[in-house]
Amino acid sequence: MTQNIGKIDRLLRIVAGLAILSLTVVGPQTLWGLLGLIPVGTALIGWCPPYAMLGINTCGTKSSPMS
């Protein structure tokens, strides 16, 4: 598995995931908030299966130096 999630995308996923996870403690207090583990998990490993299937890559590409 090569990483396909960039730094900004990772940060947004962590923030959104933690916000969704907070719903298990505050607000409606249902187990649906555990869905926040998905964006947090994908951010931590740096790989998103739907991105891989669709060919999306938000990682910056490193250009090789021209010789």
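Worth a mention:
- Only one of the numbered conditions (1) more than 10 Å from the chain's Cα centre (by Cα); (2) not in a loop (DSSP other than H, G, I, E, B) is violated by residue 27, and that is (2).
- Per-region count, segment 30-58, residues part of a loop (DSSP other than H, G, I, E, B) and in contact with a Phe, Trp or Tyr (Cβ under 9 Å, 6 or more places away or on another chain): 2
- Selection from segment 1-15 of residues that are of a type in the set (A, V, I, L, M, F, W, C) and over 9 Å from the mean Cα position of the chain (by Cα): 1, 8, 15
Matching residues to (1) out of contact with any Asp or Glu (no Cβ under 6 Å at 6 or more places or on another chain); (2) within 15 Å of residue 2 (Cα to Cα); (3) among the charged types (D, E, K, R); (4) modelled with pLDDT under 95:
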| site | (1), (2), (3), (4) |
| --- | --- |
| 27 | yes, no, no, yes |
| 31 | yes, no, no, yes |
| 39 | yes, no, no, no |
| 59 | yes, yes, no, yes |
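- Residues that are hydroxyl-bearing (Ser, Thr, Tyr), surrounded by fewer than 13 Cβ atoms within 10 Å (Cβ to Cβ) and free of Cβ contacts under 8 Å to residues at least 24 places away in the same chain within segment 1-46 comprise 22, 30, listed in sequence order.
The values are calculated or read from the model by the stated rules, or taken from the named source; none is laboratory data. These numbers come from a predicted model, not from an experiment. Neighbour counts run over all protein chains shown; Cβ positions are idealised from the backbone, glycine included.
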